[in-house]
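Quick notes on the structure that follows.
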Amino acid sequence: MTSAVLADQLHKTFAEVHAVDGLSFKVEPGEIYGFVGPDGAGKTTTMRLLCGGFRPDSGHAEIYGYDVIKHPDEARTQIGYLAQRFSLYGDLTVLENLRFFAEMHNIPTSNWKPRAQEILKFVGLDEFSDRRAEQLSGGMKQKLGLATALVHRPKVLLLDEPTGGVDPVTRQDFWQLIIRLVGQEGVSVVVSTPYMDEASRCTRVGFVSRGKLITEGTPGQVTSHLNGRVLELVGDPLDRMRHAAVADPDVEDVQVFGDRLHLRIKPGSGDRVIDRLPTVLRTQGVQMQRIRPITATLEDVFIELSEQADQVQ
Amino acid sequence: MFNSRLWSIMRKEIIQMTRDRRTVIISIIQPILMLFLLGSAATNNVRNVPAVLFDQDHSQAARDLLDAYRAADYFTFSYQVQSVQEMRQLIESGEAKAALIIPPDYGQRIASGEPAQVEFVIDGSDATLASTALSAATLIGQAKSTAVVRASLESHGQSVASSSPIEVRTQVWYNPDMVQAFFMVPGLMGTILLQLTVTLTAASIVRERERGTIEQLIITPLRSWELMIGKITPYIFLAFFDMLEVLVIGTLVFHVPMNGSLGLLLLMSALFLGTGLGIGLFISTVAKTQQEAQVLGMLIQLPSMFLAGFLFPIAAMPPFLQALSYLMPLRYFLIIVRGIMLKGAGIEAFSGDVLALAIFCVAIVALAVSRFHKTLD
């Protein structure tokens with residue numbers, strides 16, 4: 001079966017900086033592929049390479065078997081693209097924007113209106129169809145962006161940080177829409193995001209750093225190597241507790257989460273640390289309430305991989 | 001073939017234009033303003049220059065001379081003084097710009113047939129005014145002198161058939177009254193066409209990039225040429241409208257003659273329009289923001305205004321600047337427009353300029369199109 005999206009050894013350099021450095025991955029039909037990584041990792045550049053906005057220095061990208069540079073028209077009819085920045089016409093109304101982009105995609109005049117109505121209803125903007133795009137709230141703008149990306153019924157959605165600067169409720173809405181699209185219309189999605197809770201909703205995630213794919217897999221696979229390696233530590237005072245934890249030879253990393261700490265420890269050292277740390281903490285005057293292993297999250301993986309990537313550099 | 005994407009782009013552009021009323025209103029009013037400012041205020045015609053009379057003679061001959069100066073309308077003798085000191089004060093304070101000094105023995109010398117001298121002082125701080133006043137004063141003086149000679153000869157009973165051995169007759173063609181508007185209106189048409197096409201097209205295309213809308217256009221099957229032509233077309237109409245506006249006001253209000261063929265004028269304007277659009281397009285491939293586009297546009301327009309013969313005649317420029325003016329498409333268009341409107345000339349009269357303009361047009365459009373890509377890099 002043909003992959004929905006195929007990236008093969010993509011390279012793109014800007015003024016000697018390897019923005020994308022030999023990136024390869026596949027997205028199968030019906031998958032939501034999450035692209036995560038720190039700012040400047042090359043997420044946006046990759047998205048633009050996938051939609052044909054940039055020409056790669058080497059390597060190639062295919063959408064359902066169509067090379068995005070050699071067969072741009074065939075490839076692009078399959079793509080719906082939502083750029084990171086609002087990229088619609090603020091001085092046109094919601095409906096005018098949809099009409100314009102429908103016409104750009106060669107949708108016949110007789111068909112654009114029913115499709116526009118359907119899609120506005122789908123994203124929940126049907127009551128705002130005569131409002132100028134610039135007068136929409138941030139979340140509504142993103143929904144209009146999504147509607148525009150969907151107007152020509154693409155089979156692949158490329159979403160570049162679609163929920164940046166959007167409130168949590170709208171983010172939730174937005175994800176429900178994406179999940180419905182995948183379920184109902186069989187759309188495949190590539191979404192870049194800096195939010196780990198969003199990444200955990202994806203079928204698979206790929207972690208990029210400095211233009212390279214470091215690891216990929218289902219959220220479960222990606223976090224599996226950290227199973228048993230994350231401990232939660234609750235106690236008081238937090239600051240002294242943190243100092244003690246950092247000093248422990250088996251602790252690789254300490255993160256503060258509100259009133260508690262997450263410790264990442266060396267593989268297989270869980271029992272040792274749980275035995276040793278409470279004693280150490282007591283001698284340092286920390287009132288420890290709890291220490292226990294917890295399930296690793298994508299956030300833990302993200303932090304671990306970012307640190308590794310920095311060390312390599 | 002009817003191209004629906006092209007039409008959609010144009011329709012979108014027109015909707016955006018109508019919503020951006022300020023730009024449209026400015027681009028319609030601006031030519032009118034410029035026309036009235038440059039056509040009437042900035043005039044080289046010197047009339048009623050305030051002048052001082054220092055008459056030390058008070059003879060009939062002195063009064064005759066004064067009448068000759070008064071009759072010509074160039075000078076108004078609003079001040080009569082009794083000393084060089086007073087005269088100097090009036091000129092220094094700027095109240096008077098010129099002075100006529102008639103020496104005490106003027107009448108006596110004229111009567112006895114001896115050469116008589118009068119002195120004419122001109123404030124040279126305003127060079128344009130001074131040069132015109134100078135030539136006017138000289139001409140009037142010469143005319144009077146000839147008349148005096150003739151009169152004295154006649155009184156001696158001699159023939160006056162050929163009173164002066166050489167006679168120079170000057171005659172101004174095409175604009176005999178040397179009305180500034182006649183020079184300005186055709187020039188303004190060119191300047192306005194250039195400004196609108198360059199600035200507005202460049203800005204409208206750069207805006208797509210600046211606002212990020214180009215990112216969304218990129219993944220559509222839209223072709224570069226469709227984007228280009230679709231965006232430019234509404235501005236072609238706006239530019240033509242403005243040009244006709246100047247033409248109509250120029251002929252009706254300023255009575256600029258339209259001696260040549262209107263069809264030829266429109267055809268030549270279309271050629272010049274193409275050149276301006278090419279420049280605008282080219283700028284849009286270089287500039288990243290609308291501000292950059294504006295600055296680049298000014299960089300093209302300002303030298304054109306000063307060097308292409310719009311405000312100052314090319315013939316009066318130093319050779320280096322004259323050579324530079326060949327690089328400005330406006331130069332050729334101004335020659336063509338003035339030729340058609342004022343001289344009623346046909347295309348054969350300025351075929352070289354048409355050729356130069358055509359070469360410019362093709363070259364800049366080709367350069368711009370080759371650089372115009374619908375990509376993000």
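Some observations on this one:
- Counts of other chain beta carbons within 10 angstrom of each beta carbon in peptide A:83-89 average 6.
- Each of B:Gly187, B:Thr233, B:Val286 was scored by the projection of its Cα onto the charge dipole of region B:184-292, and the greatest displacement toward the positive side belongs to B:Val286; charges sit on the C-beta of Lys, Arg, Asp and Glu.
- Calculated FRET value between A:Asp126 and B:Ala68, using beta carbons and R₀ = 60 Å, to 0.05: 0.10
- Computed lengthening from B:His58 to B:Ala323, 0.36 nm per intervening residue step minus Cα-Cα distance: 89.9 nm
- To the nearest ten degrees, helix B:351-371 and the longest principal axis of the Cα atoms of chain B are 30 degrees apart.
- All-pairs Cα distance distribution in the protein assembly as shown, expressed in whole percent, bin size 20 Å: 14, 30, 24, 16, 11, 5, 1, 0
- According to the calculation over all Cα-Cα pairs in region B:55-163, the P(r) per 10 Å bin from zero is 13, 43, 31, 11, 3 %.
- Region A:111-215, dipole about Cα centre (Lys/Arg Cβ +1, Asp/Glu Cβ -1), debye to the nearest 20: 360
- When the alpha carbon gyration tensor of chain B is reduced to an equivalent ellipsoid, its three semi-axes come out at 58, 22, 16 angstrom, largest first.
- Hits among aspartates and glutamates - C-alpha to C-alpha of B:Lys97 under 13 Å, sequence gap 8 or more where chains match: B:Asp123, B:Asp126
- Per the Cα gyration tensor, region B:235-377 maps to an equivalent ellipsoid with semi-axes of 27, 18, 15 Å, ordered largest to smallest.
- Within the protein assembly as shown, percent of DSSP bridges classed antiparallel, to nearest 5: 60
- In range of the label at B:Arg223: residues from region A:141-180 whose backbone nitrogen is under 16 Å from the point 7 Å along Cα→Cβ: none
- Extreme residue, positive dipole direction of chain A, given options A:Phe302, A:Leu95, A:Pro56 (C-beta unit charges): A:Leu95
- For region B:49-155, with +1 on Lys and Arg beta carbons and -1 on Asp and Glu, the positive-most of B:Ile91, B:Phe75, B:Thr138 along the dipole: B:Thr138
- GluC sites (Glu not before Pro) within region A:1-76, DSSP loop, no more than 14 other Cβ atoms inside 10 Å: A:Glu16
- On Cα atoms only, tilt of A:109-123 relative to the major axis of chain A in degrees: 20
- Straightening the chain between A:Thr218 and A:Asp39 buys 62.3 nm, computed as 0.36 nm per residue apart minus the Cα-Cα spacing.
- Across all C-alpha atoms in region A:1-120, the radius of gyration and Dmax reach 16.2, 49 Å.
- Ellipsoid semi-axes in whole angstrom, largest first, where each is sqrt(5λ) of the Cα gyration tensor of region A:5-214: 28, 19, 16
- Theoretical FRET efficiency, 1/(1+(r/R0)^6), r = Cβ-Cβ of A:Gln176 and A:Met1, R0 22 Å, to 0.05: 0.20
- Around the Cα centre of region B:49-155, unit charges on the Cβ atoms of Lys, Arg, Asp and Glu (plus for the first two, minus for the last two) sum to a dipole of about 200 debye.
- Taken about its Cα centre, the protein assembly as shown carries a charge dipole of roughly 1440 debye when the Cβ of each Lys and Arg holds +1 and the Cβ of each Asp and Glu holds -1.
- Shape of region A:72-141, Cα gyration tensor, a/c cut at 1.5: oblate
- Cα-only Debye scattering, region A:228-294: base-10 log of I(q)/I(0) at q = 0.11, 0.17, 0.25, 0.26 Å⁻¹: -0.19, -0.47, -1.09, -1.20
- Centroid-to-centroid separation of region A:53-100 and region B:101-153 [C-alpha atoms, Å]: 82
- Take the Kirkwood radius over Cα pairs of region B:211-311, plug it into Stokes-Einstein at 25 °C and 0.890 mPa s, and you get 151 µm²/s for translational diffusion.
- Counting only residues at least eight positions apart within a chain, or on another chain, the lysines with an alpha carbon under 20 Å from that of B:Lys288 are B:Lys231, B:Lys374.
- Chain B - percent relative contact order, Cα under 8 Å, separation 6 or more: 19
- Residues of type lysines that A:Lys121 reaches as a straight line, Cα spacing below 20 Å, ignoring anything fewer than 8 places off in the same chain: A:Lys113, A:Lys141, A:Lys143, A:Lys155
- Diffusion coefficient, µm² s⁻¹, Stokes-Einstein with Kirkwood Rh over alpha-carbon pairs of region A:120-215 at 4 °C and 1.567 mPa s: 90
- Residue-averaged [θ]222 nm for chain A, counting only DSSP H segments that reach four residues, each worth -39500 (n - 2.57): -11500 deg cm²/dmol
- Average beta-carbon neighbours from other chains, 10 Å sphere, peptide B:206-213: 3
- Cα long-axis angle, helix A:168-185 against chain A (0 to 90 degrees, to the nearest 10): 60
- The B:Asn48 and B:Ser370 beta-carbon pair, evaluated with R₀ = 51 Å, returns a calculated FRET efficiency of approximately 0.30.
- For A:66-73, mean number of other protein chain Cβ atoms within 10 Å: 1
Where a number appears in this text, it was derived from the coordinates with a stated rule and is not lab data. Since we're looking at a predicted model, the values are computed, not measured. Note that we place each Cβ from the backbone using ideal geometry, even for glycine, and neighbour counts take in every protein chain shown.
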